[in-house]
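Notes for the one structure printed next.
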Amino acid sequence: MKKLNFIAVAFIIILNMSCERDIEIVNIDNDDTSVSNGTTSSDGMELELTKKRDQPSLPLSHFDFETNTIMVSVGNDQFPVVDAGEGPVALLIHGWPDSKEMWRYQIPFLVNAGYRVIAPDLRGFGGAPKTQDIAAYGLGALMSDIITILDNMGIDNVNLVTHDWGAAIGWTMARYRPEYVNSFVTISIGATGNPGFDLMEQRRMNWYLYMFAQEGMGAYELSKNDWYLFRSIVFHPDEDTIIDNLSEPDALTTSMKPYQANFAETLLAACPGQTYNPGNVDIEYPLVTAPTLGLLGKYDFAMLQPQMIYSKDYVVAGNFKYKYFDDVGHWMMLEKPKRINTIIKNFLDCHALSDCN
């Protein structure tokens, strides 16, 4: 039955390829719309292109998660949340298949730079509740978890630093709860609903979403044969640790639920509203007012440049910057922590401390 489902997924992907919307294509080989070493794009977005991919940097410093983690209530649930340092709040939100420990290089750096760092485990991940109800994993529900955590900690303004599903939550929060967001860093994921997600090459890269959206199938396919598919497509720097974590009871199953909650109906229908990303491109999203920085790596296994470049149209004019690197992948904060830390700090300093040097 699982094999038949996999064949069905392949058919659905091909069907959706034929539904590509008639949109302007961003030519990422053109220096006017893409990047060139040390230059700026024609629309004024700040871009950075580096030259060589090498091994992840050595650990920068040790961070004691146990000592610096508190439990915060969200209704009847308890969420583990890092709370370290003093100063303006930097809220770090991880994505799939990670936990707050993904930020192990960024947390001590930002604390030493004068920030109070808040980093929760998202519902379904790490030590957070492994809720079975798929409705609890919609973007609005996941954002509500974050807002409740902040409210219960007495925090009403943050500088968002986000990745993967955390970035999707970040875009939702910056759009619909802008009073909480002073500045916004989004790693890998552009504005949900933008037409860059509809390009055929992007759809091909996101073939796995069709599998993850089917309850039970993603977990089954990823973990069988000693996690062969996971090892073959994800390229996580912490591969063995992540596999150990996902092997805990219910962990892999609940990690799939954001995909099922936000993609199942749109992905598995023919030409679903002519979009397949979270939300719908025909929705008139509120413009993000917070200063926003997008970061993307050439070796990202899931994302191409257009979905990030188009994001400028979803942010107030002049408030979107974008840096592109040709030597990192999806987990740039683990692969090149020193460089990424500096970029994040400089952006946060400019908007949290008015230090834009």
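Descriptive notes on the structure:
- Members of the stretch 203-256 that are on the phi < 0 side of the Ramachandran plot and among the small types (Gly, Ala, Ser): 213, 218, 219, 223, 232, 247, 251, 255
- Verdict on residue 210 being out of contact with any strand residue (DSSP E or B) (no Cβ under 9 Å at 6 or more places or on another chain), over 30 Å from residue 347 (Cα atoms), in contact (Cβ under 8 Å) with a residue 40 or more places away in the chain and part of a helix (DSSP H, G or I): yes
- Considered as a group, the residues in the stretch 313-338 that are part of a strand (DSSP E or B) and within 19 Å of residue 106 (Cβ to Cβ) include one that is farthest from the chain's Cα centre (by Cα), and that residue is 327.
- Qualifying residue in the stretch 255-266 (condition: under 19 Å from the mean Cα position of the chain (by Cα), in a helix (DSSP H, G or I) and within 26 Å of residue 106 (Cα to Cα)): yes
- Residue in the stretch 270-288 that is within 17 Å of the chain's Cα centre (by Cα), within 27 Å of residue 181 (Cβ to Cβ), at pLDDT 55 or above and not polar (S, T, N, Q) present: yes
- Screening the candidates 128, 90, 135 for the property of being small (Gly, Ala, Ser) and within 19 Å of residue 343 (Cβ to Cβ) yields one hit, 90.
- Residue within the stretch 343-351 that is farther than 27 Å from residue 107 by Cα and not in a strand (DSSP E or B) present: no
- Any chance residue 292 is of a type in the set (Ser, Thr, Tyr), under 20 Å from residue 164 (Cβ atoms) and at pLDDT 95 or above: yes
Table: residues versus (1) hydrophobic (A, V, I, L, M, F, W, C); (2) closer than 15 Å to residue 167 by Cβ.
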site: 308; (1), (2): yes, yes
site: 312; (1), (2): no, no
site: 315; (1), (2): yes, yes
site: 318; (1), (2): no, no
site: 324; (1), (2): no, no
site: 328; (1), (2): yes, no
site: 333; (1), (2): yes, yes
site: 341; (1), (2): no, no
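The values are calculated or read from the model by the stated rules, or taken from the named source; none is laboratory data. Since the model is a prediction, treat every value here as computed from it, not as a measurement. Note that we place each Cβ from the backbone using ideal geometry, even for glycine, and neighbour counts take in every protein chain shown.
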